[in-house]
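The values are calculated or read from the model by the stated rules, or taken from the named source; none is laboratory data. Since the structure is predicted, the reported quantities are computational estimates derived from the model, not experimental observations. All Cβ positions, glycine included, derive from the backbone under ideal geometry; neighbour counts span all protein chains shown.
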Amino acid sequence: MKKNLLMLLWGACLLTACSGQPIGENASVTTYVYAEKDGSELKLDVYMDSTALISNTKYPVFIFSFGGGWENGKREDGAALLNDFAHHGYIGVGIDYRLGIRQLKEEGVNVLDSTQFASSYSKAITMGVEDIFDATRYIIDHAAEWNADTSRIVVCGSSAGATNSLTAEYLICNQHSMATSRLPKGFNYAAVIPIAGGVWLKDTDTLIWQQKPCPVLAYHGTDDQLVPYDHLVLPEGAFGGFGPLYYMPQLQQMQVPHLFHTYLKGDHLVSAMHNSPTARTEMLATLERILDHHAPLSLTITEEHYGEAPTFGNLFGAMGQLGIK
């Protein structure tokens with residue numbers, strides 16, 4: 001893949017995730033403040049079927065992290081997905097996280113400048129990952145109150161939220177201090193679902209997993225203009241972005257249960273796949289086999305029907321005129 005990672009990230013800033021749908025009659029939504037950072041409250045919405053509060057059953061948790069290029073989006077963007085999962089026996093949680101690129105731009109930082117790029121996006125992703133960890137810890141601390149099963153916490157994200165989620169899993173597997181200082185010893189997610197996301201890290205030109213990761217259910221388009229389907233590394237390894245075509249063979253070698261759902265000719269609009277009832281059904285069925293039956297899944301699905309999706313050709317044409325390659 002020859003597209004410059006700078007171009008991919010700049011384009012990601014222009015993409016805002018799709019809004020969700022109203023809550024069904026049997027699901028309740030309660031909002032909590034899980035942290036206060038940079039002068040703002042970070043909140044999470046808990047979607048729960050009415051039976052969960054009166055049952056002795058422990059319910060799995062499904063966390064959703066929205067997309068929007070670390071500049072746009074809101075926690076309500078996953079409302080339809082979380083409502084659906086609540087009706088299928090999960091505690092759904094939609095989380096805020098700090099939008100690092102928005103903050104930097106408001107401070108006057110030119111995030112696309114070659115001297116600012118790696119540090120800017122590294123900071124934004126670090127903030128997003130830190131907030132996922134803090135939200136997860138808040139859920140763990142309130143597990144008894146919500147009848148939550150802390151051994152079955154799934155984290156899912158779209159676009160920037162997907163990158164935050166998968167990068168968080170990578171840091172857990174490598175015992176990074178940001179994870180070990182916030183999460184209980186030995187904790188890991190039950191599964192991670194990156195929808196058009198990847199592992200993005202500063203000063204990294206390859207991925208080395210010190211521990212086996214949790215199961216991964218990845219959705220990605222082969223023609224994603226914003227998040228690499230394979231991988232891209234800036235000169236001298238200053239910043240690396242690693243997509244499913246890169247890390248899935250690693251998971252296969254480690255015998256990690258996984259679903260690799262590829263959309264041929266699909267672009268970054270695959271990031272809205274969480275709003276697809278068909279995709280949700282697939283996620284639920286796959287998670288049931290992984291969480292409840294501990295099935296050693298190794299699924300690769302390739303589809304062509306997404307090829308008619310709109311593209312961002314005009315965007316990149318304009319960038320070419322600006323001399324960005």
- Only listed residue being closer than 22 Å to TRP200 by Cβ, among the acidic types (Asp, Glu), touching a Cys at 6+ places or on another chain (Cβ under 7 Å) and buried (at least 20 other Cβ atoms within 10 Å of the Cβ), chosen from GLU130, GLU71: GLU71
- Hey, does the range 90-111 have a residue that's surrounded by fewer than 24 Cβ atoms within 10 Å (Cβ to Cβ), touching a Pro at 6+ places or on another chain (Cβ under 6 Å) and either aromatic (Phe, Trp, Tyr) or closer than 30 Å to SER276 by Cα (or both)? no
- Message: Quick check on my filter: what residues within the range 210-225 are part of a loop (DSSP other than H, G, I, E, B), within 27 Å of LEU284 (Cα to Cα) and not acidic (Asp, Glu)?
- Response: GLN211, LYS212, PRO213, CYS214, PRO215, THR222
- Message: Let me confirm something: among GLY39, GLY20, which residue is under 17 Å from MET283 (Cβ atoms) and at pLDDT below 90?
- Response: GLY20
- Message: Looking at THR286, THR278 in this structure, which one is assigned to a helix (DSSP H, G or I), modelled with pLDDT under 95, over 18 Å from PRO228 (Cβ atoms) and among the hydroxyl-bearing types (Ser, Thr, Tyr)?
- Response: THR278
- Is it fair to say ALA295 is part of a loop (DSSP other than H, G, I, E, B), over 14 Å from THR167 (Cα atoms) and out of contact with any Phe, Trp or Tyr (no Cβ under 9 Å at 6 or more places or on another chain)? yes
- Query: Any residue in the range 251-270 that is among the hydroxyl-bearing types (Ser, Thr, Tyr), touching a helix residue (DSSP H, G or I) at 6+ places or on another chain (Cβ under 7 Å) and surrounded by 24 or more Cβ atoms within 10 Å (Cβ to Cβ)?
  - Reply: yes
- Query: Quick one: is MET248 touching a Lys or Arg at 6+ places or on another chain (Cβ under 6 Å) and modelled with pLDDT of 95 or more?
  - Reply: no
- Message: If I filter the range 218-233 down to residues being in contact with a helix residue (DSSP H, G or I) (Cβ under 6 Å, 6 or more places away or on another chain) and either of a type in the set (A, V, I, L, M) or within 19 Å of SER122 (Cα to Cα) (or both), which single residue comes out as surrounded by the most Cβ atoms within 10 Å (Cβ to Cβ)?
- Response: LEU226
- Item | Lone qualifier among THR115, THR57 - being over 18 Å from THR163 (Cβ atoms), among the polar types (S, T, N, Q) and free of Cβ contacts under 8 Å to residues at least 12 places away in the same chain | THR115
- Message: Residues that are surrounded by fewer than 19 Cβ atoms within 10 Å (Cβ to Cβ), hydrophobic (A, V, I, L, M, F, W, C), in a loop (DSSP other than H, G, I, E, B) and touching a Cys at 6+ places or on another chain (Cβ under 7 Å): does the range 197-209 have at least one?
- Response: yes
- Task: Could you pull out the residue among ALA191, ALA148 that is in contact (Cβ under 8 Å) with a residue 12 or more places away in the chain, surrounded by 21 or more Cβ atoms within 10 Å (Cβ to Cβ) and over 19 Å from the mean Cα position of the chain (by Cα)?
- Result: ALA148
- Would you mind finding the one in GLY68, GLY89, GLY78, GLY73 that is closer than 18 Å to SER151 by Cα and not hydrophobic (A, V, I, L, M, F, W, C)? GLY89
